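Chemist: Take this structure first; my questions come after.
Quick note: the coordinates plus some simple rules give every number you see, no bench work behind them. These numbers come from a predicted model, not from an experiment. Positions of Cβ are backbone-derived with ideal geometry, glycine not excepted, and every protein chain shown enters the neighbour counts.
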Amino acid sequence: MKKTKNGSIRLGNRFLMFIAILQIGLIPPFLKASDLPTITNLRTEYKTNPVGIDVKLPRLSWEIVSDQRNFIQKAYQIRISDSKKDLLRGKNLLWDTGKITSEQSNQVVYNGAALKSRQRVYWQVKIWGKDGSASQWSKSAFWEMGLLNQKDWQASWIEPQLNGDTAIPNPSPILRTEFEIKKSVKSARAYVTSHGLYEFHINGNKISDQLFTPGWTSYKKRLQYQTYNITHNIQSGINAIGVILGNGWYKGPLTWDQRKNNYGDKLGLLLQIDIEYYDGTSEIINSDSKWKSSTGPIRMSDIYDGEIYDARLEQDGWDKPGYNDKSWNNTAEKDYGKEVLIASEGPAVRVTESLKPIKKLKAPNGNLIFDLGQNMVGWIQIKLRGSAGEKITLKHAEILDKDGNIYTENLRGAQQKVEYTFRGRGEGKDEEVFEPHFSFQGFRYVAVSDYPGEISLDNITGKVIHSDMTPAGNFECSDSLVNQLQKNIQWGLRGNFLDVPTDCPQRDERLGWTGDAQTFAPTACFNMDVASFYTKWMKDFIADQYPDGRIPHVIPDILGINNAGAAGWADAAVIVPWTVYQNYGDTRILEHQYESMKGWINYLKLITGDSYIWNKGAGFGDWLAFATTNSDYPGATTDKDLIGTAFFYHSTSLLQKIALILGKEQDAKEYAELMKNIKNAFQKEFITQTGRLASNTQTAYVLALSFDLVPENLKVNAAKRLADDVMKFEHITTGFLGTQSICKVLTDNGYPDLAFMLLFRKQYPSWLYPVTRGATTIWERWDGIKPDGTFQDKGMNSFNHYAYGAVGKWLYGSVAGIDLDPADPGYKNIIINPHTAKELKYAKAEYHSIYGEISSSWKMENALFTLDVQVPANTTADVFVPAVLKEDIYESGKQIDKLKEIRFVNSIDGKAVLHIGSGKYHFEIKK
Ligand code: BGC
């Protein structure tokens, strides 16, 4: 029996339907089934049906969909089998949990027999609700293991032998071999990795849409391989494998010094194809010295510089059987070992969208320019005709200068230039379609030169490329400029999540800057499912951490030992795993990173000694905070010792919580003690008795208040000082470290109107100033384009840098009002606490949590406040509505007093707190 009001109404309707159906003599099969919860989105290690994972005890998750309010899972049962047929019949199970009484519906750790290399298992789940209902068995899902042991690798590393080609700069090698299939193939897998990047072909076809494989990791310690199901790509008889190699992060120039050969000076390939035949036998095809090598049409392809491609040098059929490779060079087998090989972990990089240019322009300098309408990351696909030897050159830029020419000085050493020489297909009458291979560009404008013919908008397409994460959320409100800000945040995320989280995607940097990443991480979580992306990246923290505990400024670390250990940057070692834990309830990342976090805190303990004050060069400070040229006010510079000590405390306090979560009581005690000491030292050194901070800047107050460093009795004073400063300047003065939380701190300390003032400000400096200047991404600097129209210093002026977009967390969390409950991670309990503003008629956000869809949407119309809330099954929420009296609160037309499923908890600061279960709710406040 359904107990809820809604449930009984529904039963009533069903009863009438039942009678009606009986009268016509039919029993509908859906009658009962529609009452039951259903199960969707079965995932393994955050992925749908992953192939080639090497997590030995994978974690499983599912979502529950139920029409019933207050649905909480009471128990679950998982079963797993080698065969899908057996699974569905419930026979020959490898693992059957039986009915487990538990609310857990994600992060459930596989606990069956040890999994073997290449093993594929199918699984399904069934759940029971606390309301007495039960689901059917879910549809089945699967995962497949990769190669778990070094001895599974029989292939040899091979390197192309291309001595003849050294005259030409950086041509990309091509490699090939053939093999014969004589029996009927049941399944075939290819395991592939490279030194450098690779593109993998079989029988004339590119095997996957994954780009920039094998991804970027700390290659000397961790090198990913990808697994491809190629069962349907191979044929009986002769097959050909072709591979193109590119310099990529391994060998190509990186950093402003254009350092080459960061991991090695030779490109190489490791490839193994494991084939199972229907007759029960198997065979392995390996990369070995029988492979041949040559160069092809890619004469140069580098991450920063673009690509030079001469289509006249294409070797037709090179990747197909029967190609005559007699004139090709040999390859050499190398013994690089297999110790560093790991399965690919993050989401694959792919083309996720195609953009058509919105305009064709003639620049004053004569350039033909196409405007994509969006600062994007990826490349241009051209579709054009040309005679053999004719050329087209593409130069990419984020912005036009004030005359209307492309502005490329901010790219510094990165060329971002693509040159294509036509092959002259069909005597120049056939269209040639080209996209670069191992380079990406950050751009909105592409200047086209050297091409003799006409080019229309149809000949040019922008291919948007990034780690292909599932979109998780959106924010929208009644202010179109703020909506553009939200779009810019999302585009900043897309442009800077290309296998590692980068600072920027265009100039000669594009590195995994840790500070930018940690400050943006909570906002990233709202917008995309970033769990596996960060899980993979964090492992490189462990790989690259220095023995003394310092964390490099960039991960993977290519800057070296003198570039490590900065406050707010190195702290990413603790903050990012904590963020993943909070957002996804993931304790494994905490376990995995624990020693690394400890190492960082131990280092800080050592350098701060008995003083607990970090005064030995804390790093970059509040990077790019508001600055002026006034002699009496140079800008909002926050003391680096203060910042360093604040982050020392913050990371220690997170680690203390983490120690408790992991059951490490002794560590937790030690960190609690350390926290006390740092806090005392901080308060003595940086806070006066009236709540003034040693640096009277917004960032100083934001850090001290949000990290809980201000004594209880001075919090009001400190918050007032922050508010006074905001009112005095009427604008934000924070840099990379203070920006994330300024609006949140103002909102939580009684100054939401000031937070909104900062949000809606349109003049420099503000979030909307770039929007009024036509920005389609977040700028690195508050004044990338200065109010007088000139550009900031070309040495550091990216127009696609996500750090200031960290305010996105507040848009979701406090404006639309979907937030985490720190006490109940992974959104098991949700805080819905929207904040209205006189400037807004409505605001809303959706976020797809690990439990399912959450939404919060408020409107203010003629002083009537309405709030629509969706809470996923198996979760609860605390909803804050602007009412003091219970009687003023209505849900779907009824006073909440009359609804048992809504519990009035208390009222805080003029808001009523209601505890609700899953379902959809429509609240109105009537006065
Ligand atoms: C990067 C940043 C980074 C910073 C460190 C810059 O060059 O672009 O975003 O965090 O250096 O100060």
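Chemist: Can you tell me the length gained on complete extension of the stretch Met727 to Arg89, counting 0.36 nm per residue apart and subtracting the Cα distance? Before the final figure, lay out the partial values.
Modeler: Numbers: separation 638, 0.36 × 638 = 229.68 nm, distance 6.84 nm.
Extra length available between Met727 and Arg89 comes to 222.8 nm.
Chemist: Using +1 on the beta carbon of Lys and Arg, -1 on that of Asp and Glu, and nothing else charged, what's the dipole of the stretch 350-408 about the Cα centre, debye to 20?
Modeler: Details: 10 positive and 6 negative charges, 56 e Å.
Computed about the Cα centre, the dipole is about 260 debye.
Chemist: If you put +1 on each Lys and Arg Cβ and -1 on each Asp and Glu Cβ, how big is the dipole of the stretch 295-391 around its Cα centre, in Debye rounded to 20? Before the final figure, lay out each step's value.
Modeler: On the way: 14 positive and 15 negative charges, 141 e Å.
Using only the charged Cβ atoms, the result is roughly 680 debye.
Chemist: Excluding same-chain residues fewer than 8 positions from Lys391, which lysines have a Cα within less than 18 Å of its Cα?
Modeler: The qualifying lysines are Lys383, Lys417, Lys429.
Chemist: Taking 8 Å as the Cα distance limit and 6 or more residues as the minimum spacing, I'd like the relative contact order of the chain as a percentage.
Modeler: On the way: 2246 pairs, mean separation 91.3, N = 927.
Result for the chain is 10 percent.
Chemist: Express the relative contact order of the stretch 573-628 as a whole percentage, based on alpha carbon pairs under 8 Å and six or more residues apart in sequence. The partial results should precede the final answer.
Modeler: On the way: 22 pairs, mean separation 12.8, N = 56.
This gives 23 percent for the stretch 573-628.
Chemist: So, counting K/R as plus one and D/E as minus one, what does the shell of residues with Cβ under 13 Å around His232 add up to?
Modeler: Numbers: positive: Lys186, Arg189; negative: none.
That sum, taken over residues with Cβ under 13 Å, equals +2.
Chemist: Next question, about the same structure. Give me the one-decimal Kirkwood hydrodynamic radius in Å for the stretch 399-448, with the sum taken over alpha-carbon pairs.
Modeler: Numbers: mean 1/r = 0.0742 Å⁻¹.
About 13.5 Å, per the Kirkwood formula over Cα pairs.
Chemist: In addition: Please name whichever of Asn562, Ile382, Leu840 sits farthest to the positive end of the charge dipole of the chain, dipole taken about the Cα centre and charges placed at Cβ: Lys and Arg +1, Asp and Glu -1.
Modeler: Working it through, the farthest residue towards the positive pole turns out to be Leu840.
Chemist: Report the far tail of the P(r) of the stretch 118-241, meaning the percent of Cα-Cα pairs longer than 17 Å.
Modeler: On the way: 5484 of 7626 pairs.
Tail of the P(r) past 17 Å holds 72 percent of the pairs.
Chemist: If packing is taken as the mean number of other Cβ atoms within 10 Å per residue, what is the order of 897-909, 881-893, highest first? Walk me through the numbers before you get to the answer.
Modeler: On the way: 897-909: 13.6, 881-893: 17.1.
Highest to lowest by the protection proxy: 881-893, 897-909.
Chemist: With θ set to phi - 60° and the Karplus curve 6.51 cos²θ - 1.76 cosθ + 1.60, what are the ³J(HN,Hα) couplings of the stretch 809-818 in order, to the nearest whole Hz, using x for Gly and Pro?
Modeler: 4, 6, 4, 5, x, 10, 7, 6, x, 9
Chemist: Right, here's the next one. So, in Å, what gap is there between the alpha-carbon centers of the stretch 769-784 and the stretch 360-430?
Modeler: Comparing the Cα centres of the stretch 769-784 and the stretch 360-430, I get a distance of 24 Å.
Chemist: Another one. Around Ile818, under 10 Å between beta carbons, what's the net of Lys plus Arg minus Asp minus Glu among the other residues?
Modeler: Values: positive: Lys844; negative: Asp819, Glu846.
Charge balance near Ile818 sits at -1.
Chemist: Tell me which residues come under 5 Å, amide H to amide H, from Leu511 once H is placed; ignore anything under 5 positions away on its chain.
Modeler: Asp503, Cys504
Chemist: Computed over the Cα atoms of the stretch 773-903, what is the ratio Rg over Rh, Rh following Kirkwood?
Modeler: Values: Rg = 19.5 Å, Rh = 17.4 Å.
Rg divided by Rh gives 1.12.
Chemist: Any idea what the relative contact order of the stretch 543-587 is, in percent, if you count C-alpha pairs under 8 Å spaced at least 6 apart? Don't jump to the answer; show the numbers that get you there.
Modeler: Working: 34 pairs, mean separation 11.7, N = 45.
26 percent.
Chemist: Mind putting a number on the dipole of the chain about its Cα centre? Charges go on the C-beta only, +1 for Lys and Arg and -1 for Asp and Glu, and I need it in Debye to the nearest 20. Walk me through the intermediate numbers first.
Modeler: Numbers: 108 positive and 107 negative charges, 492 e Å.
Here the chain has a charge dipole of around 2360 debye.
Chemist: On average over all directions, what projected area in square nanometres does the stretch 623-715 have, based on the convex hull of its Cα atoms?
Modeler: Values: hull surface 27.3 nm².
For the stretch 623-715, the mean projected area of the Cα convex hull comes to 6.8 nm².
Chemist: To continue, here is another question. Between Asp279 and Glu339, what FRET efficiency comes out of the Förster formula 1/(1 + (r/R0)^6) with R0 = 41 Å and r the beta carbon distance, rounded to 0.05? Please list the in-between numbers first.
Modeler: Values: r = 35 Å, r/R0 = 0.85.
That gives a FRET efficiency of 0.75.
Chemist: I want the local charge near Tyr827. Using Cβ-Cβ distances under 10 Å, sum +1 for each Lys or Arg and -1 for each Asp or Glu among the other residues. Display every interim value, and only then the final one.
Modeler: On the way: positive: Lys828; negative: Asp819, Asp821, Asp824.
Taking every Cβ under 10 Å from that of Tyr827, the sum is -2.
Chemist: List the lysines whose Cα lies under 16 Å from the Cα of Lys402, skipping any in the same chain that are fewer than 8 positions away.
Modeler: Excluding near neighbours in sequence, the set is Lys362, Lys786, Lys794.
Chemist: Next question, about the same structure. Quote to one decimal, in nm, the extra length available between Lys657 and Ser631 on full extension: 0.36 nm per residue of separation minus the C-alpha distance between them.
Modeler: The Lys657-Ser631 span can extend by a further 4.9 nm.
Chemist: Could I ask something else about it? log10 I(q)/I(0), Debye, Cα-only the stretch 846-927, no solvent, q = 0.17, 0.19, 0.21 Å⁻¹?
Modeler: -0.64, -0.79, -0.96
Chemist: A further question on this structure: As a quick test, which of the pairs Lys260/Lys326; Lys539/Lys616; Lys859/Lys911; Lys809/Lys844 have an alpha carbon distance above 21 angstrom in this structure? Could you put the intermediate results ahead of the total?
Modeler: On the way: Lys260/Lys326 32 Å; Lys539/Lys616 28 Å; Lys859/Lys911 16 Å; Lys809/Lys844 13 Å.
Violating the 21 Å Cα-Cα cut-off are Lys260/Lys326; Lys539/Lys616.
Chemist: Sorted by average packing, counted as other Cβ atoms within 10 angstrom per residue and highest first, what order do 801-813, 761-773, 81-93 take? Don't skip to the answer; put the middle values down first.
Modeler: On the way: 801-813: 27.4, 761-773: 18.7, 81-93: 14.8.
Answer by packing, highest mean first, reads 801-813, 761-773, 81-93.
Chemist: Could you list log10 I(q)/I(0) for the stretch 428-476 at q = 0.29, 0.30 Å⁻¹, which the Debye formula gives when each Cα is one point scatterer?
Modeler: -1.43, -1.45
Chemist: Give me, ordered by chain and number, the residues 5 or more places off Trp95 or on other chains with an amide H under 5 Å from its own placed amide H.
Modeler: Amide H neighbours of Trp95: Ile80.
Chemist: Step through the table entries Lys536/Lys640; Lys130/Lys898; Lys679/Lys728; Lys151/Lys338; Lys221/Lys292, compare each Cα-Cα distance with 20 Å, and write down the pairs that go over it. Could you put the intermediate results ahead of the total?
Modeler: Values: Lys536/Lys640 31 Å; Lys130/Lys898 22 Å; Lys679/Lys728 29 Å; Lys151/Lys338 8 Å; Lys221/Lys292 28 Å.
As for pairs spanning more than 20 Å Cα to Cα, those are Lys536/Lys640; Lys130/Lys898; Lys679/Lys728; Lys221/Lys292.
Chemist: How would you rank 794-800, 486-492, highest first, on the average number of other Cβ atoms within 10 Å across their residues?
Modeler: Details: 794-800: 21.3, 486-492: 24.1.
Per-residue mean Cβ counts within 10 Å order the peptides as 486-492, 794-800.
Chemist: Okay, helix-only estimate at 222 nm for the chain: each DSSP H run of n ≥ 4 adds -39500 (n - 2.57), divide by all residues, round to 500 deg cm²/dmol; what do you get? Don't skip to the answer; put the middle values down first.
Modeler: On the way: 16 runs with 202 residues, N = 927.
The helix contribution divided over the chain gives -7000 deg cm²/dmol.
Chemist: Then there's this: Please report, in whole Å, how far the alpha carbons of the chain spread along each principal axis, starting with the longest.
Modeler: 87, 86, 60
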